[in-house]
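The values are calculated or read from the model by the stated rules, or taken from the named source; none is laboratory data. As the structure is a prediction and not an experimental result, all values here were calculated from the model. Please note: Cβ atoms are built from the backbone with ideal geometry, for glycine as well, and neighbour counts cover all protein chains shown. Heavy atoms of the whole protein, side chains included, go into the accessibility calculation; ligands, DNA and RNA do not. Shrake-Rupley method; radii C 1.70, N 1.55, O 1.52, S 1.80 Å.
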Amino acid sequence: MRNEAIDRVDTTLNRLGASLFLDGTTIDAARRAGVDDVIALIFGGRVGAMGDVREAEMIEAFAFVSPTMQSATWASIENLGGPTALLPIFLASNAEAANAKWDLAAMGMVGSVAREVIEPVEGFRPGLFTGWRNLALGTGHGDLSRDVASLHALRELRGDIHIDSVRSEGLSALEAEIATRGPVVAELHGWPQPYPDAAPYQQRSLNAAKRTSDKMVEIYDATIDQRRFDELADAAERLLDPER
């Protein structure tokens with residue numbers, strides 16, 4: 001039951017963060033800042049939290065997106081100044097979208113609880129979570145930008161844990177995609193056909209999902225109590241469904 005509740009909250013948080021990427025306000029704000037390549041903004045901006053990374057490090061970070069698709073985007077990222085130049089534009093445009101579409105009290109609650117969860121999580125491998133954690137816990141940006149960074153950090157925490165869980169089960173990124181989300185998402189993420197049959201990978205994919213869920217339960221249990229978790233869940237639902 002605890003796993004299911006945490007899975008639901010994490011799914012909601014993932015949807016919330018991802019909804020900012022292609023939001024019209026985000027796109028308009030980035031265009032005003034001189035960036036009109038949305039895909040380069042998303043990849044470069046997210047990986048920019050890791051610092052001035054190279055193409056290979058980006059490919060490692062976005063494990064479920066084909067290297068071919070990422071390589072095709074890298075030239076645009078470099079032309080726009082590289083990941084560290086895109087990061088502040090990405091974060092500011094996401095914050096502008098959050099301001100336009102969400103209740104700021106609920107967003108503040110999500111950010112506050114997220115920071116309580118991520119702050120003690122240290123010693124994690126370098127990756128998207130580590131970069132966004134450092135950004136969320138740092139200084140030099142406004143409250144809303146910090147809350148958005150905290151939301152992204154909590155999303156990337158589960159994402160990085162899941163990448164590790166998939167690898168622990170001996171699955172490739174494509175095998176995991178086919179077993180969990182199928183050919184449509186595999187194609188969306190740039191993986192070339194023909195695709196393997198999903199059946200041989202389904203049990204290991206389920207094992208990986210459980211590893212991820214168990215680890216997130218461990219982290220939440222070690223960092224916040226039930227009251228704070230319920231506040232996070234309620235605030236996330238209010239952002240997802242403003243009429244709630």
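The table that follows gives values for the structure above.
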quantity	calculated
Some residue of the range 39-55 being under 27 Å from residue 165 (Cα atoms), surrounded by fewer than 19 Cβ atoms within 10 Å (Cβ to Cβ) and either touching a residue at least 60 places away in the same chain (Cβ under 8 Å) or polar (S, T, N, Q) (or both)	yes
Complete set of residues in the range 1-52 that are among the charged types (D, E, K, R) and modelled with pLDDT of 95 or more	7, 8, 10, 15, 23, 28, 31, 32, 36, 37, 46
The one condition in (1) open to solvent by 20 Å² or more (accessible area, probe 1.4 Å); (2) closer than 23 Å to residue 42 by Cα; (3) at pLDDT below 95 that residue 127 fails to fulfil	(1)
Selection from the range 220-241 of residues that are open to solvent by 80 Å² or more (accessible area, probe 1.4 Å) and basic (Lys, Arg)	227, 238
Pairs, first farther than 10 Å from residue 29 by Cβ and in contact (Cβ under 8 Å) with a residue 12 or more places away in the chain in the range 89-105, second hydrophobic (A, V, I, L, M, F, W, C) and outside any helix (DSSP H, G or I), C-beta under 8 Å, six or more apart	none
Residue match in the range 93-100 (condition: at pLDDT below 95 and either over 13 Å from the mean Cα position of the chain (by Cα) or of a type in the set (D, E, K, R) (or both))	no
Residue list for the range 57-84, filter: small (Gly, Ala, Ser) and over 19 Å from the mean Cα position of the chain (by Cα)	71, 72, 75, 76, 81, 82
Any hit, the range 195-212, residues being touching a residue at least 60 places away in the same chain (Cβ under 8 Å), open to solvent by less than 20 Å² (accessible area, probe 1.4 Å), under 23 Å from residue 66 (Cα atoms) and of a type outside the set (D, E, K, R)	no
Of the criteria (1) under 28 Å from residue 220 (Cα atoms); (2) among the aliphatic types (A, V, I, L, M); (3) assigned to a helix (DSSP H, G or I), which one residue 41 fails	(1)
Which numbered condition residue 191 fails, given (1) of a type in the set (Phe, Trp, Tyr); (2) free of Cβ contacts under 8 Å to residues at least 40 places away in the same chain; (3) not in a helix (DSSP H, G or I)	(2)
Any hit, the range 143-161, residues being more than 21 Å from residue 221 (Cβ to Cβ), in contact (Cβ under 8 Å) with a residue 40 or more places away in the chain and outside any helix (DSSP H, G or I)	no
Residue that is under 16 Å from the mean Cα position of the chain (by Cα) and of a type in the set (Asp, Glu), where the choices are 147, 143	147
Selection from the range 181-194 of residues that are of a type in the set (A, V, I, L, M) and buried (at least 17 other Cβ atoms within 10 Å of the Cβ)	186
Residue in the range 56-77 that is over 25 Å from residue 154 (Cβ atoms), among the acidic types (Asp, Glu) and in a helix (DSSP H, G or I) present	no
Filter pass, residue 217 being part of a helix (DSSP H, G or I) and either modelled with pLDDT under 95 or open to solvent by less than 30 Å² (accessible area, probe 1.4 Å) (or both)	yes
In the range 150-180, residue most open to solvent (accessible area, probe 1.4 Å) [restricted to those that are more than 23 Å from residue 91 (Cα to Cα) and among the small types (Gly, Ala, Ser)]	168
Residues of the range 103-142 classified as under 25 Å from residue 163 (Cα atoms) and part of a loop (DSSP other than H, G, I, E, B), total	9
